[in-house]
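Undergrad: Supplied in structure tokens, the structure appears directly below.
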Amino acid sequence: MVSNPLTKNIDMARGPLDIKAYEAADGYQGLRKIVAGLSPDDLMQQVKDSGLKGRGGAGFPTGLKWSFVPSGEDAPRQKYLVVNADEMEPGTFKDRLLMEGDPHLLLDGMIIAAWAIGASVAYIFLRGEYVVAEKALRKAIAEAKEQGYLGKNIQGSGFDLDIIVHTSAGRYICGEETALLNALEGKRANPRAKPPFPQVSGLWGKPTIVNNVETICNLPGILAYGVDWYHSLTKGIDHGTKLFGVSGRVKNPGCWELPLGTPIRELLEEKAGGMQDGLNLRGFLPGGGSTDFMLPKHLDLNLDYEEIGKVGSRLATGTMIVLDDKTCPVGMIGNLMTFFAHESCGFCTPCRDGLPWVDAIFRDLEEGRGKEKDLQVLLDHVDYMGPGKTFCALAPGATAPLGSGLKYFEDDFKRHIAEGKCPYKH
């Protein structure tokens, strides 16, 4: 058994394993169990018992999500599995590592998930810029077909599955699963009204599960080694391992697989090597650009969904963006606001109009036109675009660094106004 199931086969210098080498490393054990008679219900129960939570940001229990898909004789015969590989969250690059480094791991997990929910067609909704990942995935799919692991009546089991790679134009809004489904259908990527939820009426009106790449890549290990092994991997409340990334002015930026419950300090100081010489840690976004700032006083907290949530932020994608004491927090937040304003689908008023207004205020602050009243306007927008005020979670995600930034770095905002410029620019 292994302690690093997501990355055990990854060697970027060597390239991904072919299907024979992947099988020699305990690959496709789940498919063998399916062929041997593992029922979808028993498989789904194993995933529930494992405690696997979605790794795309929301952290929703995976097995519970699957259980909402209609089953039984009266259920629609056509069902779909869709893997979100768009990875548009700022600062996030974990799924790219998995797809480029071990594409068969994703296919292995997709076969398991498709059997559990009764899907016969699966899509990988891939970010168009990920050309290396696309090449690796298409090669792996061809190998799996040749081996008889995809297609009709797989290994005589009566199970049919086709996996299709769909390269997308790439929009942040496609992180919202119903917007992704609209894009996959060839429509504008706007979120849909819910209910109905995709599990009941998703792609082309059929039951559909949308899962993140990393979520799916956890499944082969659970099926190969068991639930107790999966529970043994963790250091904290949540189960399993997670890919954690660090970007910013640290000595060793990168991505590592660590047990959930690992202290933040260990990730930042041991894995990422700490801050570059001459710089001090000012704050960090723990899970990508749409999470609330945390401070150096939080370094001894554990990387768990619940523990990070208790201090007002989110673990989300687990990819940390570091703010140092020589970088302007107003400029950093303003850069994110420009991104979120650009990525709004324009469907609802608070997001469509509010984010460009916030972006314009940040430009005024940077260019010496900021006024004291601007800070109250920004605070008002944190409320106007907060959770429950918009059609989807894009704008509430944008208010996370905005609201926490105004709270923790208020003096920097005031200096921009008082000095008529960014004080970090000489």
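Undergrad: For the stretch 1-120, which fully contained helices (runs of 4 or more DSSP H) count at least 3 residues that are among the aliphatic types (A, V, I, L, M)?
TA: Qualifying helices (runs of 4 or more DSSP H): 19-24, 29-35, 40-50, 94-101, 103-117.
Undergrad: Restricting to the stretch 59-102, name every residue that is among the aliphatic types (A, V, I, L, M), within 20 Å of Leu219 (Cα to Cα) and over 16 Å from the mean Cα position of the chain (by Cα).
TA: Residues satisfying the conditions are Leu64, Val69, Leu81.
Undergrad: Checking the conditions here, which among Lys145, Lys187 is part of a helix (DSSP H, G or I) and either surrounded by 17 or more Cβ atoms within 10 Å (Cβ to Cβ) or of a type in the set (D, E, K, R) (or both)?
TA: On inspection, the qualifying residue turns out to be Lys145.
Undergrad: Of the residues Ile154, Ile124, Ile111, Ile117, only one is closer than 24 Å to Val69 by Cα and touching a Pro at 6+ places or on another chain (Cβ under 8 Å); which?
TA: None of the others qualify; the one that does is Ile117.
Undergrad: A further question follows. Before we move on, is Val47 within 15 Å of Ala119 (Cβ to Cβ), in contact (Cβ under 8 Å) with a residue 60 or more places away in the chain and among the β-branched types (Val, Ile, Thr)?
TA: Considered against the rule, which asks whether it is within 15 Å of Ala119 (Cβ to Cβ), in contact (Cβ under 8 Å) with a residue 60 or more places away in the chain and among the β-branched types (Val, Ile, Thr), Val47 comes out as yes.
Undergrad: For the stretch 280-294, enumerate the residues that are part of a loop (DSSP other than H, G, I, E, B) and under 27 Å from Glu87 (Cβ atoms).
TA: Gly287, Gly289, Ser290, Thr291, Asp292, Phe293
Undergrad: Now for a different question. Taking helices (runs of 4 or more DSSP H) that fall entirely within the stretch 354-426, which contain at least 2 residues that are farther than 25 Å from Asp325 by Cβ?
TA: Passing ranges, in order: 372-384, 394-408.
Undergrad: Within the stretch 1-37, restricting attention to residues that are touching a residue at least 60 places away in the same chain (Cβ under 8 Å), hydrophobic (A, V, I, L, M, F, W, C) and closer than 21 Å to Leu161 by Cα, which residue is surrounded by the most Cβ atoms within 10 Å (Cβ to Cβ)?
TA: Leu31
Undergrad: Counting just the residues of the stretch 352-388 that are of a type in the set (Gly, Ala, Ser) and either surrounded by 14 or more Cβ atoms within 10 Å (Cβ to Cβ) or at pLDDT 95 or above (or both), which one comes out nearest to Leu285 (Cα to Cα)?
TA: Filtering the stretch 352-388 for residues that are of a type in the set (Gly, Ala, Ser) and either surrounded by 14 or more Cβ atoms within 10 Å (Cβ to Cβ) or at pLDDT 95 or above (or both), the one nearest to Leu285 (Cα to Cα) comes out as Gly386.
Undergrad: For the stretch 164-174, state whether one or more residues are in contact with a Pro (Cβ under 9 Å, 6 or more places away or on another chain), on the phi < 0 side of the Ramachandran plot and not acidic (Asp, Glu).
TA: Yes; the residues of the stretch 164-174 include at least one that is in contact with a Pro (Cβ under 9 Å, 6 or more places away or on another chain), on the phi < 0 side of the Ramachandran plot and not acidic (Asp, Glu).
Undergrad: List, please: which pairs have Cβ atoms under 8 Å, are six or more places apart or on different chains, and start with a residue in the stretch 212-224 that is without any contact (Cβ under 8 Å) to a residue 24 or more places away in the chain and end with one that is among the small types (Gly, Ala, Ser)?
TA: So the pair list comes out empty.
Undergrad: Going through the stretch 21-44 one residue at a time, which ones are aliphatic (A, V, I, L, M) and farther than 15 Å from Ala116 by Cα?
TA: Passing the criteria: Ala21, Ala24, Ala25.
Undergrad: Quick one: what pairs do we get from the stretch 288-299, first residue in contact (Cβ under 8 Å) with a residue 12 or more places away in the chain and outside the structural domain of Gly386 (by TED's automatic domain parsing), second part of a loop (DSSP other than H, G, I, E, B) and of a type in the set (Lys, Arg), C-beta under 6 Å, 6+ apart or different chains?
TA: The qualifying pairs are Thr291/Arg314.
Undergrad: Quick one: count up the residues across the stretch 333-347 that are in contact with an Asp or Glu (Cβ under 6 Å, 6 or more places away or on another chain) and in contact (Cβ under 8 Å) with a residue 60 or more places away in the chain.
TA: Adding up the residues that qualify gives 1.
Undergrad: Still on this structure, please answer the following. Give me a count of the residues in the stretch 306-351 that are aromatic (Phe, Trp, Tyr) and surrounded by 21 or more Cβ atoms within 10 Å (Cβ to Cβ).
TA: Residues flagged as aromatic (Phe, Trp, Tyr) and surrounded by 21 or more Cβ atoms within 10 Å (Cβ to Cβ) within the stretch 306-351 amount to 1.
The values are calculated or read from the model by the stated rules, or taken from the named source; none is laboratory data. On a predicted model such as this, the values are computed, not experimentally measured, just so you know. Virtual Cβ from ideal backbone geometry, glycine too; neighbours counted across all protein chains shown.
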